[in-house]
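Notes follow the structure.
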Amino acid sequence: MAVLSRIGALTTLQNAQAGAANGTALNVTEAMNVVFEVSGTFTGITANWEGSVDGGTTWWSIQAMPLATRTFAATGTTTGLYLLPDAQALTTVRARTTVSSPTGSMTVRALGGLVRS
């Protein structure tokens with residue numbers, strides 16, 4: 001039977017962010033998947049899911065899915081949990097924010113997971 005284990009602690013990638021910012025990167029070298037948690041009261045703020053294979057020098061758009069709808073997208077625009085199910089080849093991930101007439105603020109936290117048999 002497979003067991004999901006956390007890798008490391010829940011890490012804040014964006015803390016009450018009200019503007020455009022790269023945020024903090026999360027090391028996912030040992031992770032098989034990543035869960036992002038988006039919270040806050042906001043409009044006009046977007047979390048852009050990005051991954052790197054070279055330790056954060058070059059960033060690429062990746063897709064995660066809200067657990068509520070299970071539809072993959074490269075961005076998160078609402079509160080909730082988002083899953084990146086395949087993180088094995090990545091070294092780091094981040095939630096870069098972009099804005100368009102923003103109000104309020106967005107917080108994004110994340111942690112890596114590992115499936116063990």
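Return a yes/no flag: does the range 54-63 have any residue that is touching a Phe, Trp or Tyr at 6+ places or on another chain (Cβ under 6 Å), aliphatic (A, V, I, L, M) and without any contact (Cβ under 8 Å) to a residue 24 or more places away in the chain. No. Being modelled with pLDDT under 95 and at negative phi: is that true of residue 88 here? For residue 88, the condition - modelled with pLDDT under 95 and at negative phi - is met. Scanning the range 48-86 for residues that are surrounded by 18 or more Cβ atoms within 10 Å (Cβ to Cβ), under 11 Å from the mean Cα position of the chain (by Cα) and under 21 Å from residue 32 (Cβ atoms) yields 49, 50, 51, 62, 64, 66, 76, 82, 84.
The values are calculated or read from the model by the stated rules, or taken from the named source; none is laboratory data. None of these values were measured; they are calculated from a predicted model. Methodologically, a virtual Cβ is constructed for each residue, glycine included, from the backbone with ideal geometry; neighbour enumeration extends over all protein chains shown.
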